[in-house]
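Everything on this sheet refers to the single structure shown next.
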Amino acid sequence: MRPLEGLEVVAIEQAVAGPIASCRLADAGAHVTKVERPEGDFARGYDDVAKGQASYFVWLNRGKETVTLDLTSDAGKAALADLIAKADVLIQNLKPGSLARLGFDLDRLHAENPRLISCSISGYGEGGPLANRKAYDLLIQAESGLCSVTGGPTEPARVGTSVVDIATGSTAYEAILEAIIGRGVSGKGARISVSMFDVMAEWLTVPLLNHEGGKSPKRVGLAHPSIAPYGVFQPKSGAPILISIQSDREWRMLAKHFLEDESLATEPRFATNVARVQNRAETDALVGAAFAKHASEEAVARLDAANIALAQVNDMAGLSAHPHLRRITVDSPNGSVSFPAPGAQFEGQPRSYGPVPALKPLEP
């Protein structure tokens, strides 16, 4: 028996942030009813690469039951009222105020059902100067300043996946689980609000504190702004390798076993991380010269022997064939689709995953 079996969830959702929260609840056994507009969640049309279906939709909507409702009609509102009346959890990522304008004011819903847990996901929260502005992943990447610390030295860049949406959906899921636990103790539900901007601002705490401390971070590409050496180096032949030296002890190991110059361990310009960051160009030049002596496989073997953290700089072809990639397979209207498994594994509790729902109207 999965831990959330018996939990009823209504998700008035679209795109990514809401669906990732409800998807995790469905994976854990909750019965999730996904409410879609008559034309369907617009994420169904993002692409067609998963057997003619959208990759985002297939990934994030497994295990849900879906119904289409016209919430501007009396029949649609009545159907939604029936669903909410039976719900333990209500998730919605409509524009702030939209649910109330449709006749489902959260104050009233919580007064009628004190055990209800509601989670409202929005771009900028329920109030404030930007509360009514539309917000999508890349817009928040830009507005929060994430793009300013992403990319190479010449220009900002988008993080290569929908990191704001994913972070927001995961935050919503965490908060809902907290509320479920809390309700088990107090018997009372909770009203949760999760803002995409708030989530990303919190994730940017370290670069923000560096800026406010007089050390505003600069974009350094595949390197670390406050650790050195931590970046990509090209061997004599083969694929580039990224290494990470997290401590002065690791620097001493690198100097002895890979750079083959133990004096670098105590040389004032390189002995501490602060010094290495101040002298990053010289530090990286030393490491780069050592890499240039070895083919990629030999470099990896020497670094592994010295217990130095490293990674191959892979692409999606590399991930697709990666020996550590775990997959799940789910059914969909167009056939089974295989994609990466959720990160958490429960020992002795193998988990199955429900199918991706086809778009269908609510049965009368």
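Only sites in a loop by DSSP and with at most 10 other Cβ atoms within 10 Å count here; which GluC sites (Glu not before Pro) in the stretch 257-364 make the cut?
Numbers: sites: GLU260, GLU262, GLU282, GLU297, GLU298, GLU347; in loops: GLU260, GLU347.
Those satisfying the criteria are GLU347.
Size estimate for the stretch 223-262 follows the Kirkwood approach: the inverse of mean 1/r over distinct Cα pairs works out to 10.9 Å. Ranked by how many other Cβ atoms sit within 10 Å of their own Cβ, fewest first, the residues VAL232, VAL67 fall in the order VAL232, VAL67. The spacing between the stretch 10-32 and the stretch 266-304, judged by their C-alpha centroids, is 46 Å.
When both the stretch 46-77 and the stretch 229-243 are represented by their alpha-carbon centers, they are found 43 Å apart.
So what's the net charge close to ILE328: Lys and Arg +1, Asp and Glu -1, counting the other residues with Cβ under 14 Å from its Cβ? Net of charged neighbours comes to +3. Once C-alpha pairs closer than 8 Å and six or more residues apart are averaged by separation and normalised to the residue number of the chain, the relative contact order reads 16 percent. Among beta bridges from DSSP that stay inside the chain, the antiparallel ones total about 40%. How much FRET efficiency would the formula 1/(1 + (r/R0)^6) give for SER186 and GLN312, where r is the Cβ-Cβ distance and R0 is 56 Å, rounded to 0.05? Efficiency computed from Cβ-Cβ geometry: 0.70.
ARG44 sits among other residues whose Cβ lies under 12 Å from its own Cβ, and their net charge, with Lys and Arg +1 and Asp and Glu -1, is -3. Summing Lys, Arg as +1 and Asp, Glu as -1, what charge do residues with Cβ under 15 Å from the Cβ of GLN278 carry, GLN278 excluded? Net local charge, GLN278 excluded: +1. For the stretch 223-312, averaging the sequence separation of C-alpha pairs within contact (under 8 Å, six or more residues apart) and dividing by the residue count gives a relative contact order of 40 percent. With a Förster radius of 56 Å, plug the Cβ-Cβ distance of GLN246 and ALA78 into 1/(1 + (r/R0)^6) and report the FRET value to the nearest 0.05. About 0.45, to the nearest 0.05.
Exposure here means at most 11 other Cβ atoms within 10 Å; with trypsin sites (Lys or Arg not before Pro) in a DSSP loop as sites, the longest stretch of the chain lacking them is 219-325.
A straight Cα-to-Cα reach below 29 Å connects LYS34 with the lysines LYS51, LYS64, LYS77, LYS86, LYS95, LYS134, LYS188, LYS360, residues fewer than 8 places away in its own chain not being considered. Averaging the sequence gap over all C-alpha pairs within less than 8 Å and six or more residues apart, then dividing by the number of residues, gives the stretch 99-248 a relative contact order of 25 percent. Rounded to 0.05, the FRET efficiency of the VAL277 and MET1 pair, given R0 = 45 Å and the Cβ-Cβ distance, is 0.30.
The residues THR168, THR154, THR272, when put in order of fewest to most other Cβ atoms within 10 Å, stand as THR154, THR272, THR168. Here the sum of -39500 (n - 2.57) over DSSP H runs of 4 or more residues, divided by the residues of the chain, equals -10500 deg cm²/dmol at 222 nm, to the nearest 500. Between the entries (i) 23.9, 90; (ii) 25.1, 98; (iii) 24.8, 80, the label attached to Rg and Dmax of the Cα atoms in Å calculated for this structure is (iii).
FYI, it's all coordinate maths here, none of it is from the lab. Owing to the predicted nature of the structure, the values given are computational and were not obtained by experimental measurement. Counting neighbours? That spans all protein chains shown, and the Cβs are built from the backbone with ideal geometry, glycine included.
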